[in-house]
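All of the numbers you see were taken from the coordinates with simple rules; none came from a lab. Just so it is clear, the model here is predicted, and its values are computed rather than measured. Backbone-built Cβ (ideal geometry, glycine too); neighbour counts: all protein chains shown.
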Amino acid sequence: MQLTLEFGGGLELLCESVKIHEVTVDLEAEETKLTMKQLLSWVRTNLIKERPEMFMKGDTVRPGVLVLVNDCDWELSGQLETMLEDKDVVVFISTLHGG
Amino acid sequence: MASEVAEETPKPRGGRFCTLCNARRAALKRPKTLEQICKECFYEVFEDEIHRVIVDNNLFRRGERVAIGASGGKDSTVLAYVLSELNRRHDYGLDLFLLSVDEGITGYRDDSLETVKRNEIQYGLPLKVVSYKQLYGWTMDEIVKLIGLKNNCTFCGVFRRQALDRGATLLKVDKLVTGHNADDIAETVLLNILRGDIARLSRCTFITTGEDGPIPRCKPFKYTYEKEIRNLTSASSWWRIYSPNAYRGFAREFIKDLERLRPRAILDIIKSGEDFRISTTTKMPEQGNCERCGYISSQKWCKACVLLEGLNRGLPKMGIGRSRGIDNERNKDVKETNGTKSLESKQCGSLDF
Ligand SMILES: [Zn+2]
Ligand SMILES: [Zn+2]
């Protein structure tokens, strides 16, 4: 599954200062869809190079991190349960830095 | 990693319609009301709310010269946009401009000054940049050269706190507005309660401060959630251009935790700060002005003037730590509050040398 992942608000510093990642996430053989929960753990393993606690807390994002799936707040799509599809765009922005 | 970019905008997940227009898909949920609305309606209600705050609190008077403290960050960028828009739409009759401070740290402000210059063009607001050299006679680079890297936080905290006010004085404005949002204010309330700083606690929730001083300061985003400012900037992809800043401390994170459990918590904290009653027998630090520069100070000289005196006399350590270098007879029994880091200033650690 191909996804576009964007990191902003300082989060890009955790993944080698790259803001936009075009990625291919391989699904388990029996699965056809990917949830945000699965994506988060994939991101943590594959993209986050330092200070993962700045990105995640428990099995979800740290409070203050805004998540948009296709430009829509993930609170409206079920947060961790949000089902992703091929070519979706997922944006992570930290609101925790200075204004 | 593949590199193919999606040609079409992918469809939104979750199918609800906007509760306001009922025509477009909802894209966000308002933390204050939990309404699910679309972006177009969000822009509209956001701007209307700020307008109402401005009108209800009589923030401005016709003909005033108003400086917008512009750091290049998201809050001040959105503030510049909204104020210029509302000034036009509702004919406030304000003479608005952007005020930026250049600390004089090689390379540090390049990105944010770029952003502010872009704002100048986008919103048609004249930009004035004042430098530490103009304000204090010293650039941060020169200070660091003199004192080394260890102590510069004292200087940068104190100088930064006063820089906007001094810049505004220099530009002879009637009012200074800053992009402090509801999260900032809630954080400040919490920290002031934890520190027992009653003087700051009573002041920090005011939408306008310093009305008796030379330049009142106001915060039109007092009731505006940081998340919504972020929503606004993410919607138009503005955030992509911001240079990252240091992360904030524990109080901020605590606020975000509370917000997740109960979105109204941020406004509730501000309310509790406002409702704090101070017993009339509590001795408050006398709020005077610096004899040298006129900046608000409970001491004879403000902290910046003490530090400058040390720099100029070649004794840069003066005023750092326990400040006993200068005769500070006034309010000897009052704990020195000047030296503690201002809650409204950005963290010193955000200056990465
Ligand atoms: Zn709508
Ligand atoms: Zn002074």
- Query: Taking region B:169-225, which trypsin sites (Lys or Arg not before Pro) meet the DSSP loop condition and have no more than 14 other C-beta atoms within 10 Å?
  - Reply: B:172
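Mind jotting down a quarter of the surface of the convex hull over the alpha carbons of region A:2-94, in square nanometres, one decimal? Intermediate values should be presented prior to the final figure.
Numbers: hull surface 21.7 nm².
Hull-based average projected area comes out at 5.4 nm².
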- Query: Within straight cross-link reach of residue A:49, meaning Cα distance under 19 Å, which aspartates and glutamates are found once same-chain residues fewer than 8 apart are removed?
  - Reply: A:6, A:12, A:16, A:22, A:59
- Task: For residue B:175, list the aspartates and glutamates whose Cα falls under 13 Å from its own Cα; do not include residues on the same chain fewer than 8 positions away.
- Result: B:64, B:95, B:165, B:211, B:212
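Please go through the residue pairs B:117/B:256; A:37/A:87; B:29/B:271; B:74/B:133 and name each one whose alpha carbons sit more than 29 Å apart in this structure. Mind showing how you got there, number by number?
Details: B:117/B:256 32 Å; A:37/A:87 17 Å; B:29/B:271 22 Å; B:74/B:133 26 Å.
The pairs that break the limit, which is 29 Å between Cα atoms, are B:117/B:256.
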- Message: Checking the a/c ratio against 1.5 first, then a/b against b/c, what shape does the Cα gyration tensor give for region B:57-275?
- Response: rounded
- Item | Overall form of region B:17-130 per C-alpha gyration tensor (a/c, 1.5; a/b vs b/c) | oblate
- Message: Tell me the relative contact order for region A:2-94 as a rounded percent, counting alpha carbon contacts under 8 Å between residues six or more apart.
- Response: 42 percent
